[in-house]
Amino acid sequence: MKKFIISMLSIVLGLIVGGVILKLSGISPLEAYQVMWEGAFSQPNYISYIIIRSTPLILTGLSVAFAFRTGLFNIGAEGQFIIGAMTAAYFGFVLNLNPWIQIPLVMLMATLAAAFYGGLSGFLKARFGVHEVLSTIMLNWIALYLSNHVIFIEGFRRPSMETTEFINPSTSITILEDWKISDMGLEWLSRHEFWQSFMRPPVNAGIFIALLAVVIVWIILNKTTFGFKLKAVGFSPLASEYAGINTRIKMTQSMMISGALAGLAGATHVMGVSKNIAVLAAHEGYGFDGIAVALIGSNHPVGVLFSGFFLGALKYSGQKIQSSLEAPSEVIGIMIGAIIFFIAIPSIFNFVLKSWRKNP
Amino acid sequence: MHLLELKKITRIIGNCVANNNISMHIVRGEVHAILGENGAGKSTLMKIIYGEHRSDPGGEIFLNGVKTDIASPAHAIELGIGMVYQHFRLIRPFTVLQNIILGIEPKNIFGLIDYKKARADIKKIIDTYGFDVDLDQKIEDATVGTQQRVEIIKTLYRNAEIIILDEPTAVLTPQEILDFYRIIKNLKGQGKTIIIVTHKLHEIKTIADRCTILRKGEYISTLDVSVTSEEELARVMVGRNVNLKVSKTPPTLDGEIVFEIKNVTVFGNKNTPVVKDFSLSLKRGEITGLAGIDGNGQSELVQAITGLRKIKTGSVLINKMNITNLTPKEIYQNKLGSIPEDRQRVGLVMDFKIKENFVLQTIDDKPFSNYGFILNRELTNFSNQLIERFDIRPTDSELEASKLSGGNQQKVILAREIFHNPDVLIAFQPTRGLDVGAIEYIHSELIKLRDQGKAVLLISYELDEIINLSDNIAVIHDGKLWAELDQEKIKKSTSLKEDLGLFMAGGRPV
């Protein structure tokens with residue numbers, strides 16, 4: 001409850017900081033926030049864009065939060081996302097089975113690959129004492145360049161492009177992809193204005209996978225002996241070791257699950273939105289945003305769900321102040337930074353809460 | 001007119017009333033003990049005198065009859081009040097001299113530290129009060145006793161007239177305690193006023209003139225120590241009659257050996273041997289006390305026995321079964337229970353609920369879980385059972401362990417270990433920092449366990465605890481088994497405490 005209040009207060013303060021920055025840039029904050037609000041909720045397709053944007057953030061947020069509950073700081077969700085995306089793009093292209101087999105299979109492969117990739121950091125920490133922050137940062141870059149390399153595999157690469165071939169339609173999780181552009185679909189949609197707008201973006205099943213992941217993570221953490229031990233290790237490695245829990249194995253397992261979640265984010269992104277992968281000059285930031293999501297959601301699965309949507313909405317609507325007000329969209333980045341800054345200094349809030357209690 | 005007078009001191013921290021309307025006074029030149037159980041508000045009251053906390057409105061402090069608002073520790077020092085904390089606040093790589101002058105270094109005309117003057121001034125203090133310190137020793141090489149002396153000299157160097165000492169003997173060896181008493185007497189002889197926070201009754205009897213007793217944040221009474229017995233002090237402190245002497249029957253002599261430590265060598269964190277060729281065997285139905293000064297290999301020995309540290313050479317047997325270097329889980333399953341030294345960091349997961357802490361080792365077993373899913377109702381039932389049997393308060397099994405008092409935290413650990421029905425229980429400092437009531441309880445449970453035919457290894461830095469509870473006593477010094485006293489020898493000994501003290505310090509009786 002207290003954490004929820006802190007997150008909410010931080011968000012409000014973050015918005016105020018953003019407002020001050022906007023004001024300093026000579027733009028009315030009220031106007032900007034109005035543009036953002038309308039840009040987020042005034043049309044059905046905006047909502048679907050926000051959902052699409054939020055899906056990977058929820059999953060990478062879960063990834064970071066899960067590791068954090070075990071006392072590990074997974075900075076590597078970015079790299080694990082790339083591995084997941086790369087694996088999904090590859091197998092989605094080379095395999096072409098019945099969608100009912102193809103989709104789960106490709107998703108499973110991507111998840112496993114990323115689980116292995118994340119687990120590597122856990123193993124390095126457990127076995128050799130390499131700090132996971134260092135190993136995951138390095139593995140992020142390895143993932144980036146590995147992916148860029150794989151894109152150039154002959155046959156996989158789209159001729160003379162810096163991208164890969166598209167995945168087979170049997171791998172796609174975009175909802176009603178063909179129907180939308182069929183005569184019947186177009187005709188039906190033209191009669192239903194709301195759905196016409198809502199279905200315009202590449203609406204996909206990723207959000208259901210993310211929701212399912214939220215539920216599963218919640219169950220693991222709260223209902224299983226496995227989660228019990230993971231949390232024990234996170235809270236107190238010494239007490240866990242004394243109690244006979246193998247902290248090394250738990251660390252590796254935790255990083256594997258964390259990696260799997262980030263990999264799933266990459267897979268849903270490729271299978272639902274991008275349909276292929278392109279050469280990256282720098283990190284896209286899905287994993288790094290996951291850290292913000294986890295922090296704002298106070299590492300709780302349900303909290304992560306909401307903060308994922310919040311950040312998705314903020315990022316999507318933030319673009320709009322650039323086009324309509326010529327305001328720098330970097331303000332959004334500053335706002336997110338400010339929110340996290342406020343969350344990271346809870347002593348301020350303890351102080352505020354205390355004086356509230358004294359003078360209600 | 002009293003030297004220091006407190007009137008209606010109240011301090012509310014959060015929802016907890018740490019001090020409630022406390023009024024008392026200190027007379028010039030006395031040794032005044034503040035006695036109370038944990039959570040009685042002793043430390044808070046001292047921090048108010050030292051300016052670290054302020055009284056809530058209504059409270060007043062009079063120094064020499066003048067109403068004084070002590071704003072900060074710096075201000076308190078200026079007013080002639082010094083404080084020695086239980087955990088020393090010294091800079092380890094600095095020398096004794098540097099630590100003493102830190103913050104008020106005398107300077108010469110070039111603005112450099114005038115060590116000559118500092119040395120002379122400190123020498124004067126040392127001679128006056130009969131301290132035994134080497135000014136050029138580094139703190140990190142100094143014994144705990146020396147460090148405490150440095151803290152006291154620090155207050156004197158700052159011209160303290162009133163010196164507050166928080167649990168001063170908790171960390172000292174018996175010999176160091178004697179030296180400490182001597183210093184207190186010297187200080188008193190030179191007209192200094194001493195306030196000692198403690199819950200050791202015989203210490204009060206030995207050095208204090210008057211004793212103020214607090215209970216649950218309230219002032220109870222101030223007693224003249226010379227006409228009050230230890231039993232009376234304990235009774236007023238706890239609010240009921242307390243059994244100070246542990247009552248126990250002599251053990252059955254023919255207990256068979258259930259636990260053997262054979263020539264065990266263990267390496268410490270610096271990769272050098274800290275437990276050296278150590279052997280000890282425990283018999284059924286007996287409490288074996290392992291006495292020793294903190295840092296002589298006890299921690300590493302226990303870690304090695306319980307599977308947390310590698311045994312380099314030697315072996316450990318329980319019921320003739322070799323458990324050397326097995327995992328903590330396997331060792332636990334072989335009926336070895338333990339109460340760890342650090343209950344908050346090792347014994348409990350502080351952020352876990354009481355009921356979760358009860359099943360830390362056994363969550364995978366029936367009935368607590370099924371196919372990896374926790375059965376919450378079973379957990380709650382089990383916890384309520386233990387909470388009732390061991391009188392843990394508050395009785396809410398959903399509460400986090402961090403919300404419990406030290407005594408109740410220890411009860412949670414004790415309950416968990418005893419319920420697992422171990423053949424051997426290792427109790428490492430089981431009553432450290434606990435109040436009289438909780439100590440009484442833990443001791444009686446350990447004796448009960450012994451009477452059920454279990455073997456108990458009691459490792460403690462408190463010699464009184466060892467002597468009170470143990471049927472046999474062993475002494476560890478420098479990682480070696482330094483001495484072993486069986487029942488016969490203990491009974492015959494006329495100077496048991498002194499002998500043990502000598503052994504602990506690495507000596508041999510003449």
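Structure values in brief
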| quantity | calculated |
| --- | --- |
| The range B:1-16, subset assigned to a loop (DSSP other than H, G, I, E, B) and without any contact (Cβ under 8 Å) to a residue 60 or more places away in the chain, residue surrounded by the most Cβ atoms within 10 Å (Cβ to Cβ) | B:14 |
| Cβ-Cβ under 7 Å pairs, at least 6 apart or on other chains, the range B:421-439 side over 13 Å from residue B:334 (Cα atoms) and surrounded by fewer than 20 Cβ atoms within 10 Å (Cβ to Cβ), far side at pLDDT below 90 and of a type in the set (A, V, I, L, M) | B:437/B:238 |
| Residue that is surrounded by the most Cβ atoms within 10 Å (Cβ to Cβ) [pool: residues in the range B:197-210 that are part of a strand (DSSP E or B) and modelled with pLDDT under 95] | B:198 |
| Criterion: in contact with a Gly (Cβ under 6 Å, 6 or more places away or on another chain) and crowded, with 21+ Cβ neighbours inside 10 Å - qualifying residue of B:501, B:479 | B:479 |
| Residue within the range B:295-307 that is assigned to a strand (DSSP E or B), of a type outside the set (Gly, Ala, Ser) and at pLDDT 95 or above present | no |
| Any hit, the range B:441-452, residues being acidic (Asp, Glu), within 14 Å of another protein chain (Cβ to nearest Cβ), surrounded by fewer than 19 Cβ atoms within 10 Å (Cβ to Cβ) and touching a Pro at 6+ places or on another chain (Cβ under 9 Å) | no |
| Output for the range B:154-190, where each listed residue is over 17 Å from residue B:31 (Cβ atoms) and buried (at least 22 other Cβ atoms within 10 Å of the Cβ) | B:154 |
| Any chance residue B:378 is under 27 Å from the mean Cα position of the chain (by Cα) and either more than 10 Å from every other protein chain (Cβ to nearest Cβ) or assigned to a strand (DSSP E or B) (or both) | no |
| Elements of type helices (runs of 4 or more DSSP H) contained in the range A:214-286, each with 1 or more residues being of a type in the set (Val, Ile, Thr) and buried (at least 23 other Cβ atoms within 10 Å of the Cβ) | A:225-235, A:247-269 |
| Number of positions in the range A:192-245 that are in contact with an Asp or Glu (Cβ under 9 Å, 6 or more places away or on another chain), within 30 Å of residue B:326 (Cβ to Cβ) and among the polar types (S, T, N, Q) | 2 |
| Single residue of A:112, A:97, A:108 found to be over 21 Å from residue A:213 (Cβ atoms) and of a type outside the set (D, E, K, R) | A:97 |
| Residue check for residue B:373: at the interface with chain A (Cβ under 10 Å from one of its Cβ atoms) and of a type in the set (Phe, Trp, Tyr) | yes |
| Test: residue A:213 is within 14 Å of chain B (Cβ to nearest Cβ) and among the small types (Gly, Ala, Ser) | no |
| Residue B:449 assigned to a loop (DSSP other than H, G, I, E, B), of a type outside the set (Gly, Ala, Ser) and in the same structural domain as residue B:321 (by TED's automatic domain parsing) | no |
| Filter result (aliphatic (A, V, I, L, M) and farther than 30 Å from residue A:163 by Cβ) within the range A:278-306 | A:294, A:295, A:296, A:302, A:304, A:305 |
| Hits in the range A:177-194 (condition: under 25 Å from residue A:268 (Cα atoms) and surrounded by 13 or more Cβ atoms within 10 Å (Cβ to Cβ)) | A:177, A:179, A:180, A:185 |
| Residue identified as within 19 Å of the chain's Cα centre (by Cα) and part of a strand (DSSP E or B) among B:442, B:413, B:459 | B:459 |
| The range B:329-370 - residue that is touching a residue at least 60 places away in the same chain (Cβ under 8 Å) and at the interface with chain A (Cβ under 10 Å from one of its Cβ atoms) and, of those, nearest to residue A:219 (Cα to Cα) | B:348 |
| Answer from A:121, A:54, A:42, A:63 - the residue that is at pLDDT 95 or above, more than 13 Å from residue A:258 (Cα to Cα) and of a type in the set (Gly, Ala, Ser) | A:54 |
| Qualifying residue in the range B:393-413 (condition: in contact with a Gly (Cβ under 7 Å, 6 or more places away or on another chain), among the aliphatic types (A, V, I, L, M) and either surrounded by 16 or more Cβ atoms within 10 Å (Cβ to Cβ) or within 14 Å of chain A (Cβ to nearest Cβ) (or both)) | yes |
| Long-range neighbours under 6 Å by Cβ, at least six apart or interchain, first residue away from every other protein chain (no Cβ under 14 Å) within the range A:232-260, second surrounded by 20 or more Cβ atoms within 10 Å (Cβ to Cβ) and of a type in the set (S, T, N, Q) | A:254/A:70; A:255/A:121; A:258/A:63; A:258/A:74; A:259/A:80; A:260/A:111 |
| Matching residues, the range B:65-114, being outside any loop (DSSP other than H, G, I, E, B) and among the β-branched types (Val, Ile, Thr) | B:66, B:68, B:77, B:81, B:84, B:95, B:96, B:100, B:101, B:113 |
| Among the residues listed as A:285, A:333, the single one being without any contact (Cβ under 8 Å) to a residue 24 or more places away in the chain, out of contact with any Gly (no Cβ under 6 Å at 6 or more places or on another chain) and under 28 Å from residue A:121 (Cβ atoms) | A:333 |
| Members of the range B:225-259 that are of a type in the set (Asp, Glu) and part of a helix (DSSP H, G or I) | B:230, B:231, B:232 |
| Residue ID - surrounded by the fewest Cβ atoms within 10 Å (Cβ to Cβ), chosen from residues in the range B:17-31 that are within 26 Å of the chain's Cα centre (by Cα) and farther than 18 Å from residue B:52 by Cα | B:30 |
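The values are calculated or read from the model by the stated rules, or taken from the named source; none is laboratory data. Because the structure is a prediction, the values reported are computed rather than measured. Positions of Cβ are generated from backbone atoms using ideal geometry, with glycine treated the same way; all protein chains shown enter the neighbour counts.
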